[in-house]
Ligand code: GRF
């Protein structure tokens, strides 16, 4: 099995990006991050990438000179990276159709709720919605990216209890810990060629 080549797209703090880096560093994950794409100059994810000597493509709306150009820059960088898998790790931009089509079944996203509940919105909106909904269990989902927001086939989920005394922050932090486990795990399944997609459903093939 060869090393899986990744492009990570992130806009925020980058704790999920770091979790992937850590999994690679500790040899839990046979992967290489070829590129970090961000639409937020100097965000935590970009800083972590620079520290780890990973190339960063920054294409903010402003620096790119508009949405069309932003998508062009992003598409070019992603295509040229020749990645096997695109990982959306807190990326707050909806990908253009062209990229979603080009990388069909090769783009994954992590969302801080148990989809299909509380889809849409960026952290902390889904966690806030879960609290307001009074649910007793929440969690995170890794899914394939399709044209429909947060609606692609689910690959894996991890649940957490929601406590009576939870704040949005305390719940978000509890979910984030699970995100840092499940995202590298799913990438590992891809690297091992174990992710099977059939009739819009994902199953994970057992190892021999
Ligand atoms: C995570 O909660 C992720 O599920 C959501 O955005 C947040 C990103 O956090 N899509 P971080 O930047 O990885 O720390």
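Okay, here's what the table says:
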item	result
Residues that are exposed (fewer than 15 other Cβ atoms within 10 Å of the Cβ) and within 16 Å of the chain's Cα centre (by Cα), drawn from the range 117-145	120, 122
Complete set of residues in the range 146-166 that are within 21 Å of residue 180 (Cα to Cα) and more than 21 Å from the chain's Cα centre (by Cα)	161, 162, 163, 166
Any pair with Cβ under 7 angstrom, 6 or more apart, that starts in the range 120-136 at a residue that is within 9 Å of the ligand (Cβ to nearest atom) and ends at one that is in a helix (DSSP H, G or I) and modelled with pLDDT of 95 or more	123/172; 124/168; 124/172; 127/168; 127/171; 127/172; 127/175
Among the residues listed as 23, 31, 46, the single one being closer than 19 Å to residue 84 by Cα, buried (at least 22 other Cβ atoms within 10 Å of the Cβ) and touching a strand residue (DSSP E or B) at 6+ places or on another chain (Cβ under 9 Å)	31
Per-region count, the range 22-55, residues part of a loop (DSSP other than H, G, I, E, B) and more than 14 Å from the ligand (Cβ to nearest atom)	10
Condition check for residue 19: within 16 Å of the ligand (Cβ to nearest atom), in contact (Cβ under 8 Å) with a residue 40 or more places away in the chain and within 27 Å of residue 176 (Cβ to Cβ)	yes
Sole exception among (1) touching a helix residue (DSSP H, G or I) at 6+ places or on another chain (Cβ under 9 Å); (2) over 20 Å from residue 196 (Cα atoms); (3) in contact (Cβ under 8 Å) with a residue 24 or more places away in the chain; (4) within 11 Å of the ligand (Cβ to nearest atom) for residue 92, by number	(1)
Positions within the range 97-112 being touching a residue at least 60 places away in the same chain (Cβ under 8 Å) and surrounded by 18 or more Cβ atoms within 10 Å (Cβ to Cβ), in sequence order	108, 110, 112
The range 168-200 - residue that is over 19 Å from residue 18 (Cα atoms) and in contact with a helix residue (DSSP H, G or I) (Cβ under 8 Å, 6 or more places away or on another chain) and, of those, surrounded by the fewest Cβ atoms within 10 Å (Cβ to Cβ)	168
Residue within the range 59-69 that is in contact with a strand residue (DSSP E or B) (Cβ under 6 Å, 6 or more places away or on another chain) and either crowded, with 21+ Cβ neighbours inside 10 Å or within 18 Å of residue 179 (Cα to Cα) (or both) present	no
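The values are calculated or read from the model by the stated rules, or taken from the named source; none is laboratory data. In this text the structure is predicted, and so the values were computed from the model without any measurement. Using ideal geometry, Cβ is built from the backbone for each residue, glycine included, and neighbour counts are taken over all protein chains shown.
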